[in-house]
Amino acid sequence: MSNAPLHGKVAFITGASRGIGRAVAMRLAGAGCNVALVARGAESLAETEALCRALGVKTLTFAIDVADSDLVANAVKTTIQCLGDLHILVNNAGVMVQSSADTADLSDWERIIRVNLTAVMHTTRHALPWIEKAGGGSVIFIASLSGKTSHKGSAAYCASKHGVIGFAGSVFEDVREKGIKVSAICPGFVNTDMITGRNLDPEKMIQPEDVADAVLFVATFPATGCPTEIVIRPQRTPYIAGVD
């Protein structure tokens, strides 16, 4: 599959300031996509923008909280005004707070659901009409292996990612006849700031670039098929034995 079909296309990427989001932005920019980059951290976002711009594409940045639906809607509209179209949406922004279900701070749970699920739903709703108008494209969700399993200390996070996978499946059914691919990518442990401090070997974890490769795979997949769900697990266990 060639990346040439992506040249000149427009991608809107949330959580683009670092980690998976930055890797996805650079991979799509490297394939010729103009990119609209969304994240809260303006300084880190500017770094991602510079890296993408160096690849010869047009860029926009929006230093906003994806949980603010109105700001996201305005960012999508500005993207259309400045870049002319929208073909690819990558819902990547997410948060995680670990806590036991019997002692968790409910405000943490609300924030996780608001960012990881509600914002994803709203962003998709804002973007889809424009992707349809462009003649089709891709809506890609960075979900998680936690959306297919359950584990201790992450009740709200698991719930949010289970929700993302269910939402993605329904969106596919809604728009599949309109030439829009919809995929939920479900990685296990990825070497990002989100899992800093755990008993894990970074070199044995999935790398952000690996997830970016999966995004590119979906975006360039032939029109006759859609990889609706991709599960990525570390090839080797990343747990470090004997270390607490």
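Quick look at the values:
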quantity: Number of positions in region 172-193 that are surrounded by fewer than 16 Cβ atoms within 10 Å (Cβ to Cβ), in contact (Cβ under 8 Å) with a residue 40 or more places away in the chain and more than 16 Å from the chain's Cα centre (by Cα); calculated: 3
quantity: From the options HIS151, HIS122, residue that is farther than 18 Å from GLU229 by Cα, in a loop (DSSP other than H, G, I, E, B) and out of contact with any Pro (no Cβ under 7 Å at 6 or more places or on another chain); calculated: HIS151
quantity: Enumeration of residues in region 65-111 that are among the aliphatic types (A, V, I, L, M) and part of a loop (DSSP other than H, G, I, E, B); calculated: VAL66, ALA67, LEU86, ALA93, VAL95, MET96, VAL97, ALA101, ALA104
quantity: Checklist (1) touching a strand residue (DSSP E or B) at 6+ places or on another chain (Cβ under 7 Å); (2) among the charged types (D, E, K, R); (3) under 20 Å from LEU128 (Cα atoms) applied to LYS58, failing item; calculated: (3)
quantity: First in region 55-71 and touching a residue at least 12 places away in the same chain (Cβ under 8 Å), second anywhere and part of a loop (DSSP other than H, G, I, E, B), Cβ under 6 Å, 6 or more apart; calculated: ASP65/ARG40; VAL66/ALA93
quantity: Selection count, region 9-40, where residues are in contact with a strand residue (DSSP E or B) (Cβ under 7 Å, 6 or more places away or on another chain) and either surrounded by fewer than 20 Cβ atoms within 10 Å (Cβ to Cβ) or in a loop (DSSP other than H, G, I, E, B) (or both); calculated: 6
quantity: Residue satisfying condition, being modelled with pLDDT of 95 or more and surrounded by fewer than 18 Cβ atoms within 10 Å (Cβ to Cβ), within set THR124, THR118, THR196; calculated: THR118
quantity: Every residue from region 225-244 that is under 17 Å from ILE140 (Cα atoms) and not hydrophobic (A, V, I, L, M, F, W, C); calculated: GLY225, PRO227, THR228, GLU229
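The values are calculated or read from the model by the stated rules, or taken from the named source; none is laboratory data. On a predicted model such as this, the values are computed, not experimentally measured, just so you know. All Cβ positions, even for glycine, are placed from backbone atoms using ideal geometry, and neighbour counts span all protein chains on display.
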